[in-house]
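Single-structure report; data block below.
The values are calculated or read from the model by the stated rules, or taken from the named source; none is laboratory data. Owing to the predicted nature of the structure, the values given are computational and were not obtained by experimental measurement. Cβ sites come from the backbone with ideal geometry, for glycine too, and all protein chains shown count toward neighbours. Accessible surface areas use protein heavy atoms only, side chains included; no ligands, DNA or RNA. Shrake-Rupley method; radii C 1.70, N 1.55, O 1.52, S 1.80 Å.
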Amino acid sequence: MQTTPIRFGSDQGALRSEDEPLITGHGHFTDDLRAPGQVYAVFVRSQVGHADIRNVDIAEARDMPGVLGIFTGKDLVSEGLGPIPPVASAPGRDGTPMFVAAMPVLAHDRIRYVGEPVAIVIAQTSALAQDAAERVRVDFEEISSASTVERAIADGAAAIHTERNGNVALDWTDGNVDVVEAAFAKAAHVQHVRLADTRLAPVAMEPRAGIGLWDDAKQRYTLVASTQGVAIVRKLLAEGVFKVPLSTIRVLTHDVGGGFGMKAQCYPEYAAILYAARKVGKPVKWCNNRTESFLSDTHGRDGILEGELALDAKGKFLGLRVRNLVGIGAYTTQFAAIFGTANTKNCLSSVYRIPAISIDVKIVLTNAAPLGPYRGAGRPEAIYLIESLIDGAARAMGIDRITLRRLNFIPPEAMPYQTPNGPIYDTGEFEAIMDKALALADAAGFAKRQKASRKAGKLRGIGLCCFLEVAGG
């Protein structure tokens, strides 16, 4: 089998070694693995989005065949297990710290989203565990829920966390407002756009899975899981949940099976199967089914993007104002603080000269699955916004959209270029790249087909977007 050199990096002469086993069915994914004597876990998950838990009745389920143990959130809390804390935080507009809503391993007092784990059932087989899980009765008092950003910040919305007055976890701003306002004051045209950044559920090739092991002699946990973040998962499990030395937890990952950021999170299920392995004295295996994955994997996107672009009479960009509402779900995950703040902010200048930029962000708790990193994590949102503004301005001002972009590109001679939103670009030939893309489009006959399809009454055309992602810290 021929191998292909990788494209970038100091080791660009290296040959790929991972392809052959993956494409010939010889990968080692978590659900392919077996531990001697392993038993199986199934989670009891919430069927409602917001409720106070009165009681979790496990009596009937505990007596079913093959059941080795059932554990609830109260069991874990009584033994000192803590919630999973975030890694990143950010100061708010007036220096107020972000409200941290750490994620419990199992819900024990309140349910905050559909699919939240409430109990874990351990049995000799997966089928027996599933049967028993269906006999666990959760008595709850439902509360009005707010699964969207707008509902969560509306007057009268129920507090998702009672210790927080309102559901805004962080009110954040960046940029010189006075400079931006002065730019808008002299604008010949201001283009406005409001965009829905629709929440999505990632779909990995292998759903999240794990095997929890406990070595009683060494007093050591081992987690085998398809995670993208071995070191951070280990750290959060040790320091945040179990409160044990780092050396007493080991995390192993074989082939991940897809994730694009979603599997970077330290999930409650990892902690629960480790706890259960210690309690039942056997390796505990768990694998999400597809429905559970849609409910319980960290989601991506979710919010409302608003922006205004100020232009002079010739189409030169003068300033950009951005407002971003981000729904982070019921809890503050590892990196929830940075998706809609730093990640979006750092990409706002994109490939254009925009002399003044400001951004206001509200990070909002909602009754939905927690938000996690996925495919750009806030960066594509910035490009979506600025490119939509440019297309709208081109239509409103009667300027060709390619001409408008060409007029505002950062030229190569301006490098290194300091953007008003922070990043410094060391190089870039943005107009040359666009010209090459346009030439390729013409060679492929897109323009001709676009004309023919529009003549036939079909709204079909060529999308145009210049994309620059700031990927550093």
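Loop-located trypsin sites (Lys or Arg not before Pro) across the stretch 225-255 with a Cβ neighbour count of 16 or fewer within 10 Å are 243, with loop assigned by DSSP.
With protein chains left intact and a 1.4 Å probe, residues in the stretch 256-312 average 24 Å² of accessible area per residue. What's the local net charge at residue 357, with K and R +1, D and E -1, over the other residues with C-beta under 9 Å away? That works out to +1. Sorting 153, 143 by accessible area puts them as 153, 143; the probe is 1.4 Å, largest comes first, and only protein heavy atoms count. Specify the angular offset, from 0 to 90 degrees and rounded to the nearest 10, of the alpha carbon long axis of helix 379-397 from the longest principal axis of the alpha carbons in the chain. Its long axis makes an angle of about 30 degrees. Answer rounded, prolate or oblate for the stretch 271-395, using the Cα gyration tensor with square roots of eigenvalues a ≥ b ≥ c: rounded when a/c is under 1.5, else prolate when a/b is larger than b/c, else oblate. Verdict is prolate for the stretch 271-395.
Spacing of the modelled spin labels on residue 142 and residue 246, each 7 Å from Cα toward Cβ, amounts to 4.6 nm.
Straight-line reach from residue 316: which lysines have a Cα under 25 Å away, not including same-chain ones fewer than 8 places off? Filter leaves 186, 345, 436. Based on alpha-carbon centroids, what's the gap between the stretch 281-304 and the stretch 150-183 in Å, whole number please? With the stretch 281-304 and the stretch 150-183 each reduced to a Cα centre, they are spaced 29 Å.
Summing +1 for each Lys or Arg and -1 for each Asp or Glu among the other residues whose beta-carbon sits under 13 angstrom from that of residue 417 gives -2.
Most simply put, the stretch 147-280 has about 60% antiparallel DSSP beta bridges, counting only bridges with both residues inside it.
The residues of the stretch 327-473 present an accessible area of 45 Å² per residue when probed at 1.4 Å with all protein chains retained. Once all protein chains are placed together, residue 72 keeps about 20 Å² accessible to a 1.4 angstrom probe.
Between the helical axis of 268-280 and the longest alpha-carbon principal axis of the chain there is an angle of about 10 degrees. Legend: translational diffusion of the chain by Stokes-Einstein, Rh = Kirkwood radius over C-alpha pairs, 20 °C, 1.002 mPa s; D = 86 µm²/s. The residues of the stretch 1-152 have, on average, 54 Å² of accessible surface per residue, using a 1.4 Å probe with all protein chains present. What the Cβ-Cβ distance of residue 215 and residue 195 gives, at R0 = 35 Å and to the nearest 0.05, is a FRET efficiency of 0.10.
Only protein atoms count toward the accessible area here, which uses a 1.4 Å probe; on the chain, the carbon and sulfur part of that area reaches 53 percent.
Pairs spanning more than 19 Å between alpha-carbon atoms, out of 263/285; 74/243; 314/448; 235/263; 74/279; 218/243: 314/448. The slack in the chain from residue 289 to residue 205, taken as 0.36 nm per residue of separation less the alpha-carbon distance, amounts to 29.1 nm. Computed over neighbours whose Cβ is under 9 Å from that of residue 160, the net charge equals +3, Lys and Arg +1, Asp and Glu -1.
Rolling a 1.4 Å probe across all protein chains gives residue 139 an accessible area of roughly 70 Å². Placing a pseudo-label 7 Å from each Cα along the Cα-to-Cβ vector at residue 433 and residue 375 gives an inter-label distance of 2.0 nm. Taking all protein chains together, 46, 17 sort by accessible area into 17, 46, largest first [probe 1.4 Å].
Shape analysis of the stretch 332-473 places it in the oblate category; the axes a ≥ b ≥ c from the Cα gyration tensor give an a/c of at least 1.5, with a/b not above b/c.
Judged by the ratio a/c of the largest to the smallest principal axis of the C-alpha gyration tensor, the stretch 1-132 counts as oblate, that ratio being 1.5 or greater while a/b is no larger than b/c.
Taking 0.36 nm per residue of separation and subtracting the Cα-Cα distance, full extension of the segment from residue 230 to residue 171 would add 18.1 nm. How far, in degrees from 0 to 90, does helix 430-443 lean away from the longest principal axis of the Cα atoms of the chain, to the nearest 10? Taking the Cα atoms of the chain, the angle to 430-443 is about 90 degrees.
A 1.4 Å probe over all protein chains sorts 466, 287 by accessible area into 287, 466, starting with the largest.
Ligands, DNA and RNA aside, residue 150 has an accessible area near 100 Å² when probed at 1.4 Å.
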